[in-house]
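Note sheet for the following structure.
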Amino acid sequence: MESVLRVGKKRYRVILNGIHFSWTELDKKNRDKKTVSVPVSELIGVEKGRVEILPQKKVEESEQHFTVFSVMRGSCRSSPSGLWSVGRTEFYCSSRDHRDHWVTQLKTALAAKSGMRPQRLLVFINPYGGKKKGVQIYRTLASPLLELAGISAHVVVTERANQARDHILKKELTGFDGVVCVGGDGMFSELLHGVIGRTQQEAGLSEHDPTVTLQPCNLHIGIIPAGSTDCVCFATVGVNDPVTSTLHIIIGDSQPLDVCSVHHQSTLVRYSVSLVGYGFYGDVLAESEKHRWMGPLRYDYSGCVTYLSNRSYSGTVQFLPADPQVSSPRDNTRCLSGCRVCSESTERLFPQSDASSHTSSYSPSQYSQDSSQSEGDWVSIEGRFKCVSLTCMSSSCPRSPLGLSPAAHLADGTGDLILVRETHALGFLKYLHRHTNTEDQFDLPFVEVHRVRAVKFSLPPGEEDSEDEEDEEKQIEGWESKTETDGSTHKSMSQQHLAEKRDERGMGDDKKKKKKSDFLCGLCCSRAPSVSVWNCDGEILPFTEILCRVHGQLVRLFARGIEDGAGSRNCRVGNRKCKGRCVLHT
Ligand SMILES: Nc1ncnc2c1ncn2[C@@H]1O[C@H](COP(=O)(O)OP(=O)(O)OP(=O)(O)O)[C@@H](O)[C@H]1O
């Protein structure tokens, strides 16, 4: 369809074809001037009249006007490039009929995209996340856009922790195309556990068995950032902005994501998408938990205290290397939107399915992951480490724009294992500081990085069950109270396992009276602890000896990865803390 319409006082040649909607300014001699072209896949909606949606809906009736809303990159020149806003253009037609014809044609073009977009969403809002503005963010920024795009949403404002996870695990979800959280990384983790757990239940698979190939999840997850830590959103979208995230949801973007399952003995402890870290990152989180009253500043404080304590820990790290022919953590690539390594991994991970549909826009379907890959040989490294980190993504965040492992991929079925061996405090400071600039943090003699499919960590013989049992019990109790559901009527398999473990040790009723120093004793303590804790996406794990396995493309987010130029330009904006993942300022 093609017509000459007016936008403001200027005349434009407006063209709609199956792929683009474009308008070209015409001069007095009908010669083309500037063109604006929007892919139909990035149109949000069309309304009759002169309509505004944000910051508030305003409708001015007009028989000859229609208003088109579309994705616009950046809201002004200085905007970071991953930031999307709502582009709004009012077109003026020669008659009402002409206007109605355009509106019908645009709506038809949009309807043709409906198979690629979600129609119905289940939205969970944490009213206490971040600055407690989740409800307001959803109502003022996200909801009007969903409504404009004709997406219906069932909204649950949570009343307790784990409500979203339990809802997804137990309630009827027929008809929903995706689940969305309005909150931070903790809320995302609830959705992640709910969606993965539900999918495995329905597939009749045990999540506890680390050798089982888990069923990839069809239900997409959306994150509207409203937490104090929104690292998963930042690492998958490039900015933490509720409007940008809502637009990715509306247009049905689909980003597969690797997930790491963390096991202790034969029990699943947690899933992680960003960091499983022992030593420094575990200590920072454990220390920060003691100072919650400080608010977000606690991460800076705890980072300094932990750094000054200059601890290192003994252990044995074993890992299954990934195929070095495919990619390497030091190949200087970056996993950006449309990443070639990730798309090729889709074909490797899901050889029987239509790989192209798996990498493009939202499209629910069934996949079975290739389990024929032989396990290969485990590599073992013993020593004393400042930190042992496993990350399934670059884990970039505003404070560390390139992240823990800049060349890590979101969806290649691998994780990067970073080993920082015992070193002097200044050496470690250099390592940490390099996360905040573009210097290579792996180019240091005490640092090594491996691309892996699985990792095991064990303590030196004799240290596993030594005198730290009481501390471990404390952590287990804390963890149980955090993960309990429905007022403790339902206990997860993991918790049952823990109870058995305590009973074996006789720690149930008969608590040990032995007086001990705190697990993290701080600067004043004369005896450094011999074990650290694991920081798993900002939660402390109650076990030291763990096995981690990376599950390629286990979940899908309404995102498209970082668009070229996004993320790295964002280093001075926004979020000031990353739960012990990045603790130093430039
Ligand atoms: N209504 C609720 N009451 C209490 N806790 C809740 C509620 N809803 C969700 N939660 C829990 O709050 C935790 C933190 O939420 P979220 O990640 O949204 O915010 P945050 O400000 O980034 O959190 P954090 O304190 O971890 O930095 C989550 O682990 C979630 O399980």
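A short reminder: the numbers here are calculations on the coordinates, not readings from a lab. Small disclaimer: the values here were computed from a predicted structure and weren't measured. Note that each Cβ is placed from the backbone with ideal geometry, even for glycine, and that neighbours are counted across all protein chains shown.
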Given R₀ = 51 Å, what would the calculated FRET efficiency be for Ser266 paired with Ala112, taking r from the Cβ atoms and rounding to 0.05?
0.55
Mind scanning Lys57/Lys107; Lys9/Lys34; Lys131/Lys290; Lys34/Lys113; Lys113/Lys170; Lys10/Lys48 and naming the pairs with a C-alpha gap bigger than 22 Å?
Lys34/Lys113; Lys113/Lys170
Output the peptides 191-204, 280-293 sorted from most to least packed, where packing is the average of other Cβ atoms within 10 Å over each peptide's residues.
280-293, 191-204
Could you calculate the contour length gain from Val4 to Cys304, that is, 0.36 nm times the residue separation minus the distance between their Cα atoms, to one decimal place in nm?
101.6 nm
Once phi is turned into θ = phi - 60°, what whole-Hz ³J(HN,Hα) does the Karplus curve with 6.51, -1.76 and 1.60 give for every residue of segment 96-102, x standing for Gly and Pro?
5, 4, 4, 4, 4, 5, 4
Inter-probe distance in nm under a simple model that places probes 7 Å from Cα toward Cβ, at Thr104 and Thr438
5.5
Counting only residues 5 or more apart in sequence or on a different chain, those whose built amide H sits under 5 Å from that of His20 are Val40
Need one number: nm distance between label points at Ala528 and Asp323, each 7 Å from Cα along Cα→Cβ, rounded to one decimal.
4.2
Going by a ≥ b ≥ c, the root eigenvalues of the Cα gyration tensor, does segment 2-112 fall in the rounded group (a/c under 1.5), the prolate group (a/b larger than b/c) or the oblate group?
rounded
Sequence-distant residues sharing a close amide H with Ser314 (under 5 Å, placed H):
Phe385
Phi to ³J(HN,Hα) by Karplus 6.51 cos²θ - 1.76 cosθ + 1.60 over segment 105-113, Hz, x for Gly, Pro
5, 5, 5, 5, 4, 5, 4, 5, 8
J(HN,Hα) series, segment 322-334, from Karplus relation 6.51 cos²θ - 1.76 cosθ + 1.60, nearest Hz, glycine and proline x
7, 5, x, 6, 7, 6, 9, x, 10, 8, 6, 8, 10
Let's test the formula: R0 of 25 Å, r as the Cβ-Cβ distance of Lys133 and Asn17. What FRET efficiency results, to the nearest 0.05?
0.05
If I model a spin label at Leu297 and Gln201 as a point 7 Å from the Cα along the Cα→Cβ vector, what separation in nanometres do I get?
4.3
Under-5 Å amide H pairs with Leu83, H placed in peptide plane, nonlocal only
Gly74
